[in-house]
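Report on the following structure.
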Amino acid sequence: MSASTQVETTAPGDGPGEPKLDRALSNRHIQLIAIGGAIGTGLFMGSGKTISAAGPSVIFVYMVIGFMLFFVMRAMGEILLSNLKYKNFGDFAGDILGPWAAFFTGWTYWFCWVVTGIADVVAIAHYVAFWWPQLPLWIPAVACILILLGLNLPTVRAFGETEFWFALIKIVAILALIVTGLVMIIMGFESEGATASFSNLWEHGGMFPTGFMGFVAGFQIAVFAFVGIELVGTAAAETKDPEKNLPRAVNSIPVRILLFYVGALIILMAVRPWTGYTANESPFVGMFALAGLVGAAGVVNFVVLTSATSSANSGIYSTSRMVYGLSREGDAPKAFGRLSSRKVPKNALLFSCMFLLAGVVLLYAEGSVAEAFTLVTTISALCFMFVWTIILLSYVVYRRRRPHLHEASTFKMPGGTFMPYVVMVFFAFILWALTTQPDTLQALLFTPVWFVALAIGYLVVRRNPLHARIRAEHQAKVAREHEERRARIDA
């Protein structure tokens, strides 16, 4: 018997006869959404900074992060498939850990994507200025928000199609870089006194030329490139045949990491020694320019523009679904829990887009854009790590309280009894890494303000009679599950 046949009879927020989200995302949509989530703008623009900080050891940085997050995804996949009434990981966090977890996870995930989306809007405006420098920055920023809103309002399939093509552009760009680089290596291409060769990976100070702390610095930069990897979990309630499509999307993550991150970085540092890259330059631009591609900067600028737009598109989608789920559980105003005639949470969508307009204000703020971007991306990465940790904690409790569902699962998490703890220790290492640099330390010290604000909000929400009823139902469910578990052990 598959896991989905032994589900809980209800999930938070569900009621008889109420409209449901439409399962309109096909296999090709969910696969490309997963790839788009795994390939962030950080790979195109941030990899120059990671290479200059860590040297060739950055290859291991991306491999380690990808390895750890694979287990987060497997934990999320097993729980989502144990109850197909779960709309996203915020749902199962509330169902397993308690209503407080749904509140903190849902709103923190919303905050993650709003912060990331604001950064994307700022980036998009500057990328457009590459072609039209005289155009006021607020015009492309507002136009982007309106276009994405227009694409998300009709149906969830429209979001899937948009994300499909955005992800395809990123894939083609990376594959083009890998193929071009391999040709240059085979031909022994020479530039700046160096010959393109795989030996460049270890002949310029070894694989760890900047030492252990340089290796550590790579983690604090690279982790942001992986935000959004859990996006398939947000789309769970709108995925066709989730028992087949979700496992496919999750299991292909290691291959994507090896090809798109590790493969691209190996080629970049083989064609040109790592010492030739700087933090302020996109390695992709430099690589295509070396190959003599006319208009390399324009081509890569277009790819990065679509990557940032893809990220903002994902942000609009995921925040609207999370706010929709929060509303259904009494953690957000009821208006956000209504679906349009096309089964889209229109009010929640408009609410999230309203906050993205803050990016227009930031366009005219004083100070370094790079510093602001570092602050924003670090805060975002910290909040995403909180969400990933909640997913792991949910899995640990799920294994303890619902062992029968784990036994029945056809998509068991490998190493489920110890890997959640290994990954959480790794997250603690990332937190320590963020304290080693002044700019990331500043963001680390600022982030607790968000959780203090959330705690105050939760104390207010707790007074809601609906919320009190949900807490009482959860306590009763936990007691019942403990009794059932003891009965199974005794039997």
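The values are calculated or read from the model by the stated rules, or taken from the named source; none is laboratory data. A quick note: this is a predicted structure, and the numbers were derived from the prediction, not measured. With ideal geometry, Cβ positions are generated from the backbone for all residues, glycine too; neighbour counts draw on all protein chains shown. Quick note on the areas: whole protein, heavy atoms, side chains included, nothing else; ligands and nucleic acids left out. Shrake-Rupley method; radii C 1.70, N 1.55, O 1.52, S 1.80 Å.
Quick check, is L382 closer than 17 Å to G315 by Cα, buried (at least 18 other Cβ atoms within 10 Å of the Cβ), of a type outside the set (V, I, T) and modelled with pLDDT under 95? Criteria met by L382. Among the residues making up segment 150-186, a single one is more than 29 Å from R256 (Cα to Cα) and of a type in the set (A, V, I, L, M): L153.
Report yes if some residue within segment 107-125 is of a type outside the set (G, A, S), under 24 Å from V323 (Cα atoms), without any contact (Cβ under 8 Å) to a residue 40 or more places away in the chain and out of contact with any Pro (no Cβ under 9 Å at 6 or more places or on another chain); otherwise report no. Please lay out each step first, then the result.
Start the filter on segment 107-125 by keeping residues that are of a type outside the set (G, A, S), which leaves 107-116, 118, 120-122, 124.
Next, only the ones that are under 24 Å from V323 (Cα atoms) stay: 107-116, 118, 120-122.
Remaining after also requiring without any contact (Cβ under 8 Å) to a residue 40 or more places away in the chain: none.
No, because not a single residue in segment 107-125 is of a type outside the set (G, A, S), under 24 Å from V323 (Cα atoms), without any contact (Cβ under 8 Å) to a residue 40 or more places away in the chain and out of contact with any Pro (no Cβ under 9 Å at 6 or more places or on another chain).
The set of residues from segment 83-109 being surrounded by fewer than 24 Cβ atoms within 10 Å (Cβ to Cβ) and either touching a Lys or Arg at 6+ places or on another chain (Cβ under 9 Å) or modelled with pLDDT under 90 (or both) comprises N83, L84, K85, G98, W100.
Output the number of residues of segment 197-215 satisfying the condition of being in contact (Cβ under 8 Å) with a residue 40 or more places away in the chain, of a type in the set (F, W, Y) and open to solvent by 40 Å² or more (accessible area, probe 1.4 Å). Summing the residues that are in contact (Cβ under 8 Å) with a residue 40 or more places away in the chain, of a type in the set (F, W, Y) and open to solvent by 40 Å² or more (accessible area, probe 1.4 Å) in segment 197-215 gives 3. The single condition among (1) within 19 Å of V304 (Cβ to Cβ); (2) buried (at least 21 other Cβ atoms within 10 Å of the Cβ); (3) at pLDDT below 80; (4) of a type outside the set (D, E) that V156 does not satisfy is (1). Apart from one condition, A129 fits all of (1) open to solvent by 20 Å² or more (accessible area, probe 1.4 Å); (2) in contact with a Lys or Arg (Cβ under 6 Å, 6 or more places away or on another chain); the exception is (2). When you go through V232, V179 one by one, which is the residue that is part of a helix (DSSP H, G or I) and open to solvent by 10 Å² or more (accessible area, probe 1.4 Å)? After ruling out the rest, the residue left standing is V179.
Taking the numbered list (1) over 20 Å from L149 (Cβ atoms); (2) of a type in the set (F, W, Y); (3) surrounded by fewer than 24 Cβ atoms within 10 Å (Cβ to Cβ) in turn, W138 passes all entries but (1). Only one of the numbered conditions (1) farther than 27 Å from P99 by Cα; (2) open to solvent by 60 Å² or more (accessible area, probe 1.4 Å); (3) under 23 Å from the mean Cα position of the chain (by Cα) is not met by L431, and that is (1).
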